[in-house]
Structures are given as structure tokens and as C-alpha cells.
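Student: So that we are looking at the same thing, I have put the structure below in C-alpha cells.
Here, each number is a calculation from the coordinates, and none is a lab measurement. Because the structure is predicted, anything quoted here is derived from the model rather than measured. For neighbour counting, all protein chains shown are included, and Cβ atoms are generated from backbone atoms with ideal geometry for every residue, glycine included.
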Amino acid sequence: MHISLQTQVLSFTGALLILVGYVGHQMRWIDPRRPFYNVVNVLGAAILAYIALRPLQVGFAIMEVTWTITSVVALVAAFRNNGNVRDRAH
């Protein structure tokens, strides 16, 4: 199977965006309750979901579509809160 350079660049970009959010969160550089975190997740997951659907790779597609939907929901919630981070005492 031949994978085009364009597909490779897109998949690299998608993975990089997700990893920026993940590493940023783990290293505490990025607050996961802020819109930026969810934007990089939405963009990265959407790119990888597109790659997974062409040609269909079922497991990869399910994971990336779910990741994209979850990130969109979190992004909408973050924008509804105007990006405000509230202290939550547990």
C-alpha cells in the first residue's frame, strides 16, 4: 500500500497537535480547561479521523471520531465559560 506524502504530512500534523495538548497538559504548561487545549485536540483528532476514514481503518476511525466529538463538546463548554477557570473544591 502506497501512502502519499500529503497523507503522511497530514497525519504527522494531526498527531503533533494532539501531542502538543497532551504533553502540555502533563507538563502543566497548558490548562486543559482552557479553549486552546481543546482546539488542538479537535484539530488533531479531526485530521486523524479523516486519515482513518480513507481507506477505512475501523479501530483507528472509531477512536479518532470519538476523540473529535469529545473534544468539540469540551471546547463548546470552555467557550460557554468564556475560558474562565473556576476553582473547584472537592
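Student: So for the chain, what are the equivalent ellipsoid semi-axes in whole Å, largest first, each being the square root of 5 times an eigenvalue of the Cα gyration tensor? Write out the running numbers ahead of the final one.
Tutor: Numbers: eigenvalues 161, 37, 20 Å².
One finds semi-axes of 28, 14, 10 Å for the chain.
Student: Using r as the Cβ-Cβ distance of Val9 and Phe79, and R0 as 35 Å, what FRET efficiency do you calculate, to the nearest 0.05? All intermediate terms of the calculation are to be shown ahead of the outcome.
Tutor: Working: r = 29 Å, r/R0 = 0.84.
Efficiency, rounded to the nearest 0.05: 0.75.
Student: Would you mind ranking Met27, Met63 by Cβ crowding within 10 Å, fewest neighbours first?
Tutor: Values: Met27 8, Met63 15.
Going from sparsest to densest Cβ surroundings: Met27, Met63.
Student: Same structure, new question: Using Cα-Cα distances under 8 Å and only pairs 6 or more residues apart, what relative contact order does the chain have, in percent? Can you show the working numbers first?
Tutor: Details: 85 pairs, mean separation 26.4, N = 90.
Relative contact order of the chain: 29 percent.
Student: Now, a different point. Name the long-range amide H neighbours of Ile30: under 5 Å, sequence gap of 5 or more, or other chain; modelled H, no Pro or chain starts.
Tutor: His25
Student: Moving to a separate point now. Want the number for Ile62 to Arg34: 0.36 nm per residue separation, take away the alpha-carbon distance, what's left?
Tutor: Details: separation 28, 0.36 × 28 = 10.08 nm, distance 2.55 nm.
7.5 nm is the gain from fully extending Ile62 to Arg34.
Student: Then there is this: Rank the residues His25, His2 as a footprinting-exposure proxy: fewest other Cβ atoms within 10 Å of their Cβ go first. Write down the numbers at each step before the final one.
Tutor: On the way: His25 14, His2 4.
Lowest to highest Cβ neighbour count: His2, His25.
Student: While we're on this one: Is it possible to state the helix-based mean residue ellipticity at 222 nm for the chain, with each DSSP H run of 4+ residues giving -39500 (n - 2.57), the sum divided by total residues, to the nearest 500 deg cm²/dmol? What is it? Mind dumping the intermediate values first?
Tutor: Working: 3 runs with 63 residues, N = 90.
Mean residue ellipticity, 222 nm, calculated: -24500 deg cm²/dmol.
Student: Provide the per-residue ³J(HN,Hα) series for segment 54-69, in order, calculated from phi with Karplus coefficients 6.51, -1.76, 1.60 and θ = phi - 60°, each as a whole number of Hz, with x at glycine and proline positions.
Tutor: Along segment 54-69, the couplings run 9, x, 4, 10, 3, x, 5, 5, 4, 4, 6, 5, 4, 4, 4, 4 Hz.
Student: Still on this model: Taking the beta-carbon count within 10 Å as an exposure proxy, list Leu53, Leu5, Leu43 from fewest neighbours to most. Walk me through the numbers before you get to the answer.
Tutor: Details: Leu53 14, Leu5 7, Leu43 18.
Fewest-to-most Cβ neighbours within 10 Å comes out as Leu5, Leu53, Leu43.
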